[in-house]
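The values are calculated or read from the model by the stated rules, or taken from the named source; none is laboratory data. These numbers come from a predicted model, not from an experiment. Every residue, glycine as well, gets a Cβ built from its backbone with ideal geometry; the counts of neighbours run over all protein chains shown.
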Amino acid sequence: MKKTIPAHIALFVLNLLYAISYFVIKSVTPDFLGANGFVLVRASGALVLFWFFGIFMPKEKIDKSDYIKFGIAALFGVVFNQLSFFNGMPFTSPNYSAIIMTSTPIIVLIISAIYLKEEITRNKVLGMFLGGVGAVTIILQNKITQDAPNPILGNLLIFSNAANFGFYIVYCKPLMEKYNPLTVLKWVFLFGSIILFPIGITDIQEASWSFPTEIWIGIIYVIVGITFLTFLLNMYAIKRVSPNIATTYIFLQPFLSAILSFIIKGTLMDIWSITASALIFIGVYFVSFKKDKDNKTPQDILDKTD
């Protein structure tokens, strides 16, 4: 258990950073920078950071066959999921988006069972259910706005983001065990930026780039906060815990967003939100820590390999 505490801290921090991002992304796109261009800026900016800090890390020899795997990981973890998310947000509401994103751990649970042969225990299912109910309960307490001009399209794109990211998390697990996380991220974002260049260059050329200071701060935050730091923290975590555990922490995002709403807007959590928050923590407990009597958790297996 003590060996995985830093991983759980990393997962909490990265989800806090993501919760903050909901207040940032819509302020930038599409009014100041097109979605595809924003994704390219995000990926290429993070690419520079990953390769710069990679200079100070021991060099690792990459098996030639793994370059193809880096490219596949880039498609799902940098290209497909981010294009889906940034293009879907303008068409649907944050409420719908947050609800759909809670499906990520369920997707990972299924993919892990198929790809990594992980066992789906009763406690995992129970934890997923409780966490999902808690997250949805918090989200549904928010006032529904009229900023969803095409919710069907937007919701499909947000679900695509969740599904692609879920596959990316599971697919990268073997790579994380073989290489340093920074090495993996360097190559994943290199391939991702190359693929995104022809897709996002038009938006970059059409942008005025005469942005207010707060917009520049938002762009920098997206590059450093929810790309460089979160991907690094995520890779650090999934090298030490099951992908199922890592993605279960996504249930904390609605709760953290509620806290931020109180800090920024002074909105108090009502009894439903408090109850839902308790369900979230119970759900994380069942997925991450609670063991079935007759079954080993994926964490037991990972602990033996440390």
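Observations on the structure shown:
- Counting only residues that are surrounded by fewer than 21 Cβ atoms within 10 Å (Cβ to Cβ) and of a type in the set (S, T, Y), the range 144-188 holds 3 of them.
- Of all residues in the range 4-16, none satisfies being out of contact with any Lys or Arg (no Cβ under 7 Å at 6 or more places or on another chain) and either among the basic types (K, R) or within 19 Å of W216 (Cα to Cα) (or both).
- Number of the condition not met by F56 [criteria: (1) touching a residue at least 60 places away in the same chain (Cβ under 8 Å); (2) within 27 Å of L182 (Cα to Cα)]: (1)
- Residue in the range 255-285 that is modelled with the lowest pLDDT, counting only those that are more than 21 Å from the chain's Cα centre (by Cα) and among the aromatic types (F, W, Y): W272
- Residues in the range 217-228 that are hydrophobic (A, V, I, L, M, F, W, C) and either more than 12 Å from G45 (Cβ to Cβ) or not in a helix (DSSP H, G or I) (or both): I217 alone.
- Meets criteria (of a type in the set (F, W, Y) and at pLDDT below 90) for F129: yes
- Yes/no for Y249 being among the aromatic types (F, W, Y), under 30 Å from K124 (Cα atoms) and either in contact (Cβ under 8 Å) with a residue 40 or more places away in the chain or not in a helix (DSSP H, G or I) (or both): yes
- Of the helices (runs of 4 or more DSSP H) lying entirely inside the range 1-113, those containing at least 1 residues that are touching a Gly at 6+ places or on another chain (Cβ under 9 Å), within 19 Å of L196 (Cβ to Cβ) and of a type in the set (G, A, S) are 5-21, 35-54, 64-74, 81-88.
- For first residues located in the range 163-184 and under 22 Å from F85 (Cβ atoms) and part of a helix (DSSP H, G or I), partners that are at pLDDT 90 or above and not hydrophobic (A, V, I, L, M, F, W, C) and lie 6+ apart or on another chain with Cβ distances below 6 Å form the pairs N164/N81; F165/N81; Y168/G77.
- Qualifying residue in the range 205-213 (condition: closer than 14 Å to G45 by Cα, in a helix (DSSP H, G or I) and not hydroxyl-bearing (S, T, Y)): no
Quick grid of which residues meet (1) farther than 26 Å from I245 by Cβ; (2) touching a strand residue (DSSP E or B) at 6+ places or on another chain (Cβ under 7 Å); (3) surrounded by 15 or more Cβ atoms within 10 Å (Cβ to Cβ):
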| site | (1), (2), (3) |
| --- | --- |
| I5 | no, no, no |
| L14 | no, no, yes |
| F23 | yes, no, yes |
| V28 | yes, no, yes |
| N36 | yes, no, yes |
| S44 | yes, no, yes |
| V48 | yes, no, no |
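- Among the candidates I238, I220, residue that is closer than 21 Å to N87 by Cα and not acidic (D, E): I220
- Qualifying position, being in contact (Cβ under 8 Å) with a residue 24 or more places away in the chain and in contact with a Cys (Cβ under 9 Å, 6 or more places away or on another chain), among A73, A43: A73
- Residue satisfying all of: in the range 89-126; in contact with a Phe, Trp or Tyr (Cβ under 9 Å, 6 or more places away or on another chain), surrounded by 20 or more Cβ atoms within 10 Å (Cβ to Cβ) and among the β-branched types (V, I, T); modelled with the highest pLDDT among these: I111
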